Amino acid sequence: GGFGCVVRVLCVLGGVQLFNITLSSWKWAWRAMWWSIAISGAIALIDLYDYISTDSLVIVDDWPWQLFLSLLFCIAIGFFEEGMVRGLVLNGLLSRMGTTRKGIVWACIISSVFFGLLHVDIMRIGDATALEFAQGFLKVVQTGMYGFALAAVMCKTGEITSAALLHCLDDWLLFILTFIMGESLVT
């Protein structure tokens with residue numbers, strides 16, 4: 001699938017060092033991104049409170065299996081998107097723009113805009129109301145800012161594993177209720 005293909009391409013282009021995570025790189029990545037995990041955790045708790053307070057909390061019978069599947073899903077998303085955007089696009093831009101401060105900043109900005117645009121629901125653009133269009137634009141901006149922080153993590157640590165694991169945890173906190181409540185996943 002796409003995940004295995006991205007990993008193979010990254011190993012050929014960037015070497016396996018892109019996947020070498022060290023305790024110091026993980027600590028730096030965590031210090032840089034803890035705020036995002038905290039926000040996603042707070043959103044998950046607010047959603048859980050909303051489900052509990054409206055008496056609509058119905059958990060699927062196979063919730064442990066759904067919990068496991070949600071974790072696998074988020075691991076795949078984290079490594080695929082980080083591999084594609086930070087591993088391929090950001091590294092490609094860095095090789096073209098150089099590793100000066102200006103080159104790194106512009107490579108991070110461009111790859112982050114690309115990351116934000118990947119999260120546009122192109123199937124709804126033609127039917128979108130003004131409010132939905134504005135929400136879509138804000139999602140691109142928010143996701144792009146998040147992508148910039150992940151790009152900074154990758155540039156600082158020199159590997160994508162920390163960024164991918166943080167991306168995974170962030171998404172998992174946001175998707176977990178969707179899976180165990182049996183709702184359809186719309187991204």
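The values are calculated or read from the model by the stated rules, or taken from the named source; none is laboratory data. These numbers were taken from a predicted model, which means no experiment stands behind them. Glycine also receives a Cβ, built like all others from the backbone with ideal geometry; neighbour counts cover every protein chain displayed. We work out accessible area using only protein heavy atoms, side chains counted, and drop any ligands, DNA or RNA first. Shrake-Rupley method; radii C 1.70, N 1.55, O 1.52, S 1.80 Å.
The helix-only estimate of mean residue ellipticity at 222 nm for the chain, built from DSSP H runs of length n ≥ 4 each weighted as -39500 (n - 2.57), is -24500 deg cm²/dmol after division by the residue total. Determine the share of the chain's accessible area contributed by carbon and sulfur atoms, expressed in whole percent, with a 1.4 angstrom probe. With neighbouring chains kept in place, the figure for the chain is 70 percent. Computed about the Cα centre, the dipole magnitude for the chain is approximately 1260 debye when only Lys and Arg (+1) and Asp and Glu (-1) carry charge, each at its Cβ.
Taking label positions 7 Å along the Cα-Cβ direction at both W65 and I46, the computed distance is 3.3 nm, reported to one decimal.
Taking the 0 to 90 degree range and rounding to the nearest ten, how far is the long axis of helix 101-117 tilted relative to the main principal axis of the chain, both from C-alpha atoms? With both axes taken from Cα atoms, the answer is about 30 degrees. Scattering from the chain was approximated by placing one identical point on each alpha carbon and applying the Debye formula without solvent; log10 I(q)/I(0) at 0.12, 0.13, 0.14 1/Å stands at -0.64, -0.75, -0.86. With 0.36 nm allotted per residue and the present C-alpha distance subtracted, the T54-V141 stretch has 28.2 nm of extension available.
Compared with the alpha-carbon gap, the fully stretched path from A130 to L72 is longer by 17.3 nm at 0.36 nm per residue.
Only Cα pairs under 8 Å and 6+ residues apart enter the sum, and on that basis the relative contact order of the chain stands at 41 percent. Straight-line cross-link reach from K27 at under 20 Å between alpha-carbon atoms covers these lysines, not counting any fewer than eight positions away in the same chain: K156.
The string of couplings for region 131-148 from the Karplus curve (6.51, -1.76, 1.60, θ = phi - 60°) is 5, 5, 5, 5, 4, x, 4, 5, 5, 5, 5, 4, 5, x, 5, 4, x, 5 Hz, one whole number per residue in order, with x for Gly and Pro. Over region 99-151, Cα pairs under 8 Å with separation of 6+ residues give a relative contact order of 54 percent.
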